[in-house]
Structures are given as C-alpha cells and as structure tokens.
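**Student:** This is the structure I have questions about; it appears just below.
What follows draws every value from the coordinates through simple rules; no lab data is involved. Bear in mind that the values here come from a model prediction, so they are computed numbers and not experimental data. Methodologically, a virtual Cβ is constructed for each residue, glycine included, from the backbone with ideal geometry; neighbour enumeration extends over all protein chains shown.
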Amino acid sequence: MVACSASTNCCCSLFQALPDDVFTFITQFLTPRDVCALTLCCRSLAALAASEKVWFGQCEALGVVGSRDLVDWRSGVASYKALCKFIFSVRPLIGIWVHQNPELGNVVYVMPGYVSVVGCRVIPQELGPLGLQEGPLLWAPVFEVIGDFDGSVAFFLHGRERDGDYVYPGSLRPVDKDCNVLLLEVEPRKRGGGGKLLHSKSVVHCDSDWDLSRHICRYDKSGISRSQRVVGQSNSVVSFSRLAFADRRKLLEVVTSDIRLKIPISVNGLMFPGLRMQNESFRKDIVHLTERRLVLMQMYKLGGACVDFQDLHRMPINLKKSESSRSKKSLHCQSNLCGAQNGNEGHLCRSRRSVSGLFKDSLKLILGRSYSLNGNHEISRSGSSSSESKHAQLNEFLRSGDTIGLTLHASTMRLSTYRAWPNMHDNRFALYKLPMQLPKAGKDYAGLWGGTFGWPPGRITEDKSGKALFFLLLSYELSEGQCLLIATKILEGTHYVLHPNGSAMFVVKIDEISSDPFPWKTDGDSIPVDVKQAYNGEGIANGYGFRYPGAKPGSLFVIQNGTLAFVWKESRAVLTLQRLDLEVLLKKGERIPALPPILNFAYLTKSHSNVFTGFSSPRCAFLYHKTFVSQNIALLLA
C-alpha cells in the first residue's frame with residue numbers, strides 16, 4: 001500500500017512538473033470521460049485537469065467547431081468544461097438526415113449555430129442565375145438544440161401556424177454515439193424527482209379506463225428527460241413506438257398545440273452566424289444570436305406563450321382558454337363518447353364525429369382498410385416491423401407518468417440499406433442519418449455533390465428558366481469483386497419528381513477505364529476541357545414504372561477543377577457535379593417559412609411534388625406554402 005501510494009505521488013509530481021501547454025497537449029489524446037477520471041486521482045491533478053486550457057483542448061478535439069468559434073461560444077457558458085459537456089452531448093447529431101417522403105427529397109442538415117446545433121431542411125429548388133456557389137440556397141428550420149449556461153440542453157421543434165412562427169420546447173434524451181434515427185416522441189414524466197416541471201391545465205380523458213387526470217408538461221427546467229432523472233422506476237414502461245400510429249399522431253398534436261411558444265419578431269430569423277470572412281457582419285450576428293439565445297432560454301424556463309424582449313420577467317405560464325379547449329376536443333374525438341362539460345359542445349363534437357366518421361369510413365371501405373373508433377388497434381402496413389403488429393394501449397402508456405412532454409430521441413436501430421439508402425419505416429415520425437464516407441486515397445470522390453443536367457455547367461442566363469438542382473451522395477461499395485462508385489439521389493429540384501428518392505443516378509465501375517471521348521471541347525467560359533480520367537458505368541433511365549427505373553450505359557468524366565460529368569452514351573444527356581460544403585451554402589442561403597410542427601419534422605405522406613414551398617426558384621421574392629388537402633386526407637386514413 002505504501003509503495004503504491006509513493007508511485008502515485010511520483011506520477012502526480014511528474015505531471016505537475018510539466019509545462020501547461022505540454023500537459024494540455026497530452027490530455028488531447030484523452031476523452032472527456034478520461035479527463036474527468038483524472039480529476040479523481042488527487043487534488044493536484046484535479047486542479048490541473050480542471051484548467052480552462054485542458055477543456056479548451058477537449059472542445060477542439062471534438063471537432064464540431066473551430067478554435068475561433070469556441071472562443072465566441074465560451075462567452076455564453078460558465079466554462080470550457082460546460083461547453084465541452086454540451087458539444088459532447090450533441091456531436092452525434094451533426095450530419096445529413098433524410099426521409100423517403102416526399103420523393104423530391106427531404107434533406108435535413110444538422111450544423112453548428114451559436115452554442116447550439118440547428119436542423120435545416122434544404123428545399124427542393126431550381127438553380128438561379130447566380131449559380132450554386134453564389135446564389136441563395138433555400139432552407140427552412142426544423143429544430144435546434146441550445147446549450148444553457150451550465151452545459152445542459154434545451155430542445156426546440158420549429159413550425160409555422162396561421163399567425164406566425166412558433167417553437168415547441170421539449171427534452172433531448174441521451175444521444176447514442178452512433179445514432180442513425182431521430183425520433184420525435186411524447187414522453188410520460190413524473191412530477192418532481194430532480195427537476196421543476198411546468199404544467200398546463202388538466203386534460204381528462206372521457207374513457208373510464210383513463211381514471212387519472214393527465215397534464216401536458218412543457219418540459220423539464222433542466223432540459224433532462226425523465227429517463228435521466230427517475231431512478232429505480234419500473235422497467236415495464238410502455239415505449240412511445242409501441243403505440244398505434246393514430247395514437248402517436250394524436251399525442252403529438254395535443255402536446256404541440258399546448259406547449260407552443262410564439263417567437264418574438266425581434267429574435268426571429270437568424271439562427272446561425274454568417275461567414276466569418278465578413279467580419280463586421282459576423283460580429284453583429286454574434287450579438288444578435290446572443291440576445292436570441294437568452295430570450296429562448298428564458299421562454300424555455302418560464303414557459304410563456306409569448307415573450308416581450310424588454311419584459312421577460314412578466315411571461316405568462318398558463319395556456320390560453322382556447323388552446324386548452326382545442327386540446328380537450330383533440331383527445332375526446334378519439335373516443336365514441338364526447339364528455340364535454342356542456343351539452344352544446346358535446347352535441348357539436350358528436351355531430352362532427354358522425355360526419356367525419358362516415359367520410360373516413362367510406363374512404364377506408366373503398367381502400368379495403370379497417371378503421372377503429374378509439375384508435376387503439378391498427379392494421380400494420382407493409383414494410384412495418386413485426387414488433388409493431390401488436391400495439392400497446394394508450395392508457396397503459398399514460399399510466400407511467402403524471403405529465404407528458406415532447407422529446408427528441410436519437411437512437412441506434414438496425415437498418416438495412418440498398419446502395420447507401422436506408423430502408424425506412426413508413427409510419428414513424430423519424431429522420432434517418434445518411435452514412436457519409438469521407439474522401440481518401442482510393443475513394444477520392446466520396447461525399448456530397450451537387451449539380452444540374454446540361455452543358456456547360458454553372459450559371460444560367462436571366463432570360464432562361466432555372467435548372468433543377470440535384471444533390472447526390474457518392475459512396476463506394478464492393479460488389480462481386482468490383483469496386484463501384486454509386487451516386488445516390490437525395491434531392492431533386494424539379495416541379496414533379498422524375499426518379500424515386502434514394503435512386504442511384506449512376507453506378508460507375510472504378511476499375512474499368514472508358515475510351516469514350518467527352519462530347520464537348522470547351523466549357524461555358526470557352527476554356528478547353530481537360531479530362532483527367534474517365535470510367536465506364538450505367539446511368540438511370542426509364543424502366544418498369546416509377547418505382548423500378550432502368551439503366552443505360554454511360555461514362556463518368558473527371559474534369560479540371562474537380563468537376564464530375566456523367567454522360568449517357570445514347571442520348572448524350574449530361575449531369576455535371578461539383579463537391580458541396582453544405583454549411584457554407586446554408587450560411588449564404590435564404591430562409592423560408594417552415595411547415596406546421598409535426599409535418600415539419602417528418603412528412604409521412606406520399607408526394608411527388610414540392611410540398612415545402614409553392615415556388616422552387618430562388619429568384620422568386622414571394623414564397624408561400626402549398627395547400628395540404630390531399631396530405632390531410634392521407635393522414636386521416638393512416
């Protein structure tokens with residue numbers, strides 16, 4: 001024991017004798033968990049490991065933002081250790097997330113904001129006259145996760161309603177390191193137990209099985225989900241995913257309608273700073289984002305439906321009467337009975353139920369689907385997992401907590417893929433992460449690329465209509481001993497989709513050199529085309545219907561300046577591509593209004609048109625949303 005103690009003291013003395021910069025450099029090879037363990041060795045090492053330099057190095061090693069951005073972020077938190085806590089918890093969210101619907105593309109890129117990460121949906125659009133690099137890329141906010149002063153997190157879902165933009169606060173469940181699915185869920189919670197909960201008024205179900213009053217809680221003040229706070233609770237908690245689709249949708253509708261907070265005009269708009277090279281503008285962005293973050297965190301903690309920038313301390317907590325009434329009606333309409341508090345309201349609810357019920361039952365009869373009045377039984381659709389064939393009862397789910405609230409669940413699921421595109425569930429409010437291959441020796445063209453059809457590439461003239469913008473994910477795959485380069489379509493800027501989302505626009509055999517000549521001698525600036533390399537492959541073509549496209553031979557040409565061009569041999573159609581930095585494009589982009597909250601997160605309706613905006617060209621100054629009649633009918637039939 002004495003020898004062990006002496007050895008420990010000797011090691012501590014060696015570390016203490018090291019210069020601060022050397023000790024900081026050594027700790028960069030440790031994980032944040034290892035540094036925390038180092039502080040438990042002795043008081044001297046605890047003091048060294050708690051220094052700002054050490055935790056700055058840890059933040060830098062995580063690689064989410066650069067050192068200059070870390071210095072800016074530090075002003076918003078208590079210490080670099082608190083900042084590292086936040087960055088470590090949200091780092092797995094960074095990347096490209098997609099969904100199968102709509103078929104034009106549903107791409108959400110999660111990127112750093114200011115002491116936050118922001119989920120931005122790239123809108124299917126046409127390429128404007130300024131080109132891809134200079135023209136504004138249209139995007140809409142989906143969600144953001146903001147770091148508090150102590151490094152804890154606050155989740156905000158974004159959405160737009162008739163009277164303006166709203167946020168819908170909730171909790172972020174512990175994020176899996178290798179998460180590949182983002183789920184929007186409702187989570188039952190217990191009152192107390194380590195965090196102050198803010199509640200709205202009771203919403204009582206009319207069913208006799210639901211004998212307890214349930215509250216709609218906004219969130220936990222600390223931003224920590226119930227699963228992180230409650231210890232020793234029964235393991236028989238019903239998960240949200242086990243509920244029938246109708247019940248899950250209804251719970252999300254009720255919760256979002258009651259927890260919504262209208263964004264003040266003074267802080268609505270900017271969600272991340274612009275490019276740092278524009279120094280004066282960048283500094284103004286940081287000041288604005290600092291004020292915006294303070295307002296949103298005050299709204300998160302105090303729970304007001306609206307906040308005045310100069311009068312934060314007066315934020316009301318109670319919901320409006322109309323919102324409560326709407327929530328009650330939403331829950332009552334799940335049942336055969338409408339237990340309204342007055343007879344007139346009950347008669348109105350029964351009348352609406354009878355008309356809408358006949359309409360929906362008639363449509364379901366035509367489509368050969370069964371319909372359950374209470375929404376507790378649902379026939380699993382093709383493509384659903386076997387675990388969803390037996391649904392849990394709604395009252396069993398609600399029995400595990402006194403309150404319910406919105407939560408973002410980043411989990412790891414076993415998903416099958418076909419040519420880098422995940423096979424998705426068609427009835428989950430989810431986004432799926434695309435596995436991104438990094439370019440390296442032997443895989444030089446891996447990554448995200450964007451471009452248009454036609455030659456020459458680049459800008460279009462003012463008097464011509466725009467070209468549809470395509471986003472392709474290029475990845476490498478071994479098949480039958482051959483190395484294939486697969487270009488998976490994740491975004492298509494046409495007015496009506498040509499090919500299914502996730503289709504392989506072309507597949508190239510990297511081991512087969514093409515002898516075909518490039519059809520054009522010069523580019524748009526009359527500069528001679530210099531072909532560096534050419535490979536044989538096949539490009540997408542019309543096949544057996546929309547869902548099963550065919551393929552025709554072609555060649556992939558690698559041109560100067562890193563441009564790729566795939567040319568179909570027979571038609572001489574050409575798809576030109578350039579590598580994209582999506583974060584830079586979004587910082588130079590143009591924000592447009594979001595969809596209503598649940599649809600804004602996951603659009604589950606089959607659609608072949610652009611549902612995110614009425615116009616797809618960045619040259620249009622006025623943007624509006626398309627109507628959702630067909631979408632609402634499809635959701636009712638789900």
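**Student:** Pulled fully out, how much extra length does the chain show between residue 270 and residue 26, if you take 0.36 nm times their separation in residues and subtract their Cα-Cα distance?
**Tutor:** Taking residue 270 through residue 26 to full extension adds about 84.0 nm, to one decimal.
**Student:** While we're here: Kindly rank 596-602, 496-502, 140-146, 46-52 from highest to lowest mean number of other beta carbons found within 10 Å of each residue.
**Tutor:** Values: 596-602: 22.1, 496-502: 18.4, 140-146: 24.7, 46-52: 16.1.
For the peptides 596-602, 496-502, 140-146, 46-52, the packing ranking is 140-146, 596-602, 496-502, 46-52.
**Student:** Sequence gap at least 6, Cα distance under 8 Å: using those rules, report the relative contact order of segment 495-567 to the nearest whole percent.
**Tutor:** On the way: 120 pairs, mean separation 21.6, N = 73.
The normalised contact order for segment 495-567 reaches 30 percent.
**Student:** Please list the three semi-axes, largest first and in whole Å, of the ellipsoid equivalent to segment 426-549, using sqrt of 5 times the eigenvalues of its alpha carbon gyration tensor. Walk me through the numbers before you get to the answer.
**Tutor:** On the way: eigenvalues 128, 104, 46 Å².
Whole-Å semi-axes of the equivalent ellipsoid: 25, 23, 15.
**Student:** What does the highest-first list of 176-189, 110-123 look like by mean Cβ count within 10 Å? If you can, show how the numbers build up before the last one.
**Tutor:** On the way: 176-189: 20.2, 110-123: 24.2.
Going by the mean number of other Cβ atoms within 10 Å, highest first, we get 110-123, 176-189.
**Student:** May I ask you to derive the relative contact order of segment 459-598, considering only C-alpha pairs under 8 Å and at least 6 residues apart, and to give it as an integer percent? Present the calculation step by step, with values, prior to reporting the outcome.
**Tutor:** Values: 234 pairs, mean separation 19.2, N = 140.
Dividing the mean separation by the residue count of segment 459-598 yields 14 percent.
**Student:** Sticking with this one: In nanometres, what is the gap between the two model label sites at residue 571 and residue 541, each 7 Å from Cα along Cα-to-Cβ?
**Tutor:** 0.9 nm
**Student:** Let me ask something else about it. Just order 523-533, 582-592 by mean Cβ neighbour count inside 10 Å, highest at the front, would you? If you can, show how the numbers build up before the last one.
**Tutor:** Values: 523-533: 11.9, 582-592: 17.2.
Ranked from most to least packed, the peptides come out as 582-592, 523-533.
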